[in-house]
Amino acid sequence: MPGAAPPAVSPPRARPVADEAGDVAAPMIAARGLRKSYDGRLDILKGVDLAVSPGERVALIGANGCGKSTLLKCLIALHGISGGSLSTMGRDLSRPVGPEVQRQVRRQTGFVFQKHCLVRRRTVLSNVVHGFFGEAGSWRAFSHNLAPAGWREAAMESLAEVRLAERALARADSLSGGQQQRVAIARALVRRPRLLIADEPAASLDPVSGRNVMELFTRLCATHGITLLFTSHDMAHALGHASRVVALKQGRVLFDKPPSQVTPADLKETFDD
Amino acid sequence: MTDAGKAAPGRLSGLTPLHFVTLVTLGALILASMGQVAPSPRQLASGVPGMVDLVGRMMPPSTEPGFLWRVTVRIVETFQIALVGAAIGIVLSLPIAWLGARGVSPLGRGSYLVKALVSLLRTIPDLVWALLFVATVGLGAVAGTMTIMVDTIGFCGRFFAEAMEDAEKEPQEALSAMGAGRGSILAGAILPDIMPSLINSSLFALEKAVRSSVVLGLVGAGGIGQELKVAFDLFQYRNASTIILVIFLIVLAMEFCADKLRARVQ
């Protein structure tokens, strides 16, 4: 197999303490009247109120086009907001922020997309090492061959957590869809983020792989004390793996309650036109 | 169904008056031009004996040892011009393509200026570049190498930029979400994704460089072309046929190797 041999799996490591961790006592996410429009016309989010505390697992549900993905991208400044206020881990994102603040927020956030978004021609290990982009000297995250020993060990540890350490040197596109999504989770967790955001992480997987991925999320977030915010169209995932369910409808929060209090009528109202 | 029984549309219903006028104008232009610059049957008939006579004087190709040694030295120089010019051109094309790729470039709208510059390099024919470089750095291989370099930037700059624009967007977005800057996204997501395309374009550039380098000597920019020009100027047609044969074999070998490499990359 090409490339250098992967390092041995090391014992679990402590989450690195970033100097710019922001206000650790602050809510993970605090949005009030958050609005987002494109080209100043098409309103996607029309005043979203959302507060997420550290350690919570929040499921965001809603029909296609209701603004779930847009909201998630606003939370890490991938999209700027058009109105209202937003703070993520104590960083004010209400106004356009510079690249440094963006990096500070993103360094402490793991993001898992619906499509795994791996670099398919690279090895599994290199894809996980990519999780260190944004760190000082991050040009070395380009490939596992160039990465510092600590990053390689952390990547192997992350891969072991998703039970893919033995495929470290396989090409990413040689893995099944479920395995690729697990690599994406390992990449998101390699820096031990404080917040993990997942945009329909099980949508492109078969039911069994989807359930496994969701169980993996819940277990890892609980183990490492990571706050989880995920979107899902599968109500079994939303109600089974979240401690709170937030429904969006036409750019606004329709309800925000524990899964045990969500009724079939709530779900009907959420998804009806 | 209200459309039942409706007559089929006319055979030329898609031909608008504008299309018709354009086609007729284009046809007239080609016919008029043929009358001025295309060879007439009489010219072709009178040229055939001259052609047969020339081919006769070119046979058999020269195998004089001193001449063959000179050709070998020139062929090596031609290869050096092609390889070095193409290699430098390919390396320089990467950052230039990045600056010119729409949606990827850190220059934003400034990318159009970079693209325009690459178009300028590509539009000017290689022989004209060779004349310019011979006038500035003097006769010889250096002018040829610079010509190939500029020509390669014009070619690869465009194809590399297009490949970067077409690269998969999802991995780029994923790296951006982790805090990667533009340079990291280029190295981490874009280049690995477009590597087969980059290698393909580079091999085509190398083939093109070998073909170009054999004629650059005609204007004094080094290589085997210089020997060919001398052979024709001094009416040494047997020498000329040897050179043409060698050029043919070199280009054929280059295309064979490039095809093999391309097949491996796929």
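Summary of computed values
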read-out	value
Filter result for residue A:148 (more than 9 Å from every other protein chain (Cβ to nearest Cβ), surrounded by fewer than 18 Cβ atoms within 10 Å (Cβ to Cβ), on the phi < 0 side of the Ramachandran plot and not small (Gly, Ala, Ser))	yes
Lone unmet requirement of (1) within 13 Å of another protein chain (Cβ to nearest Cβ); (2) surrounded by fewer than 15 Cβ atoms within 10 Å (Cβ to Cβ); (3) under 16 Å from residue A:226 (Cα atoms) for residue A:53	(1)
Sole exception among (1) surrounded by 21 or more Cβ atoms within 10 Å (Cβ to Cβ); (2) within 14 Å of chain B (Cβ to nearest Cβ); (3) in contact with a Ser or Thr (Cβ under 8 Å, 6 or more places away or on another chain) for residue A:171, by number	(1)
Selection status of residue B:50, exposed (fewer than 14 other Cβ atoms within 10 Å of the Cβ), outside any helix (DSSP H, G or I) and modelled with pLDDT under 85	no
Residues of the stretch B:200-222 satisfying the condition of being among the small types (Gly, Ala, Ser) and either surrounded by fewer than 20 Cβ atoms within 10 Å (Cβ to Cβ) or modelled with pLDDT under 85 (or both)	B:217, B:220, B:221, B:222
Filter result (closer than 22 Å to residue A:185 by Cα, at the interface with chain A (Cβ under 7 Å from one of its Cβ atoms) and part of a helix (DSSP H, G or I)) within the stretch B:172-201	B:173, B:174, B:175, B:176, B:177, B:184, B:187, B:188, B:189, B:192, B:193
Residue that is nearest to residue A:178 (Cα to Cα), among those in the stretch A:132-145 that are more than 7 Å from chain B (Cβ to nearest Cβ) and surrounded by fewer than 24 Cβ atoms within 10 Å (Cβ to Cβ)	A:143
Filter result for the condition that a residue is modelled with pLDDT under 90 and farther than 18 Å from residue B:237 by Cβ, over B:45, B:86	B:45
Some residue of the stretch A:28-44 being part of a loop (DSSP other than H, G, I, E, B), within 13 Å of chain B (Cβ to nearest Cβ) and not hydroxyl-bearing (Ser, Thr, Tyr)	no
Selection status of residue A:237, in the same structural domain as residue A:58 (by TED's automatic domain parsing), touching a residue at least 12 places away in the same chain (Cβ under 8 Å), assigned to a loop (DSSP other than H, G, I, E, B) and over 18 Å from residue A:162 (Cα atoms)	no
Qualifying residue in the stretch B:151-168 (condition: within 9 Å of another protein chain (Cβ to nearest Cβ) and either assigned to a helix (DSSP H, G or I) or under 16 Å from residue B:103 (Cβ atoms) (or both))	yes
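Residue by residue, here is whether (1) surrounded by fewer than 19 Cβ atoms within 10 Å (Cβ to Cβ); (2) away from chain B (no Cβ under 13 Å); (3) in a helix (DSSP H, G or I) holds:
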| residue | (1), (2), (3) |
| --- | --- |
| A:71 | no, yes, yes |
| A:79 | yes, no, no |
| A:87 | no, yes, no |
| A:97 | yes, no, no |
| A:104 | no, no, yes |
| A:130 | no, no, yes |
| A:152 | no, yes, yes |
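The values are calculated or read from the model by the stated rules, or taken from the named source; none is laboratory data. In this text, all values refer to a predicted model and were calculated from it rather than measured experimentally. Neighbour counts run over all protein chains shown; Cβ positions are idealised from the backbone, glycine included.
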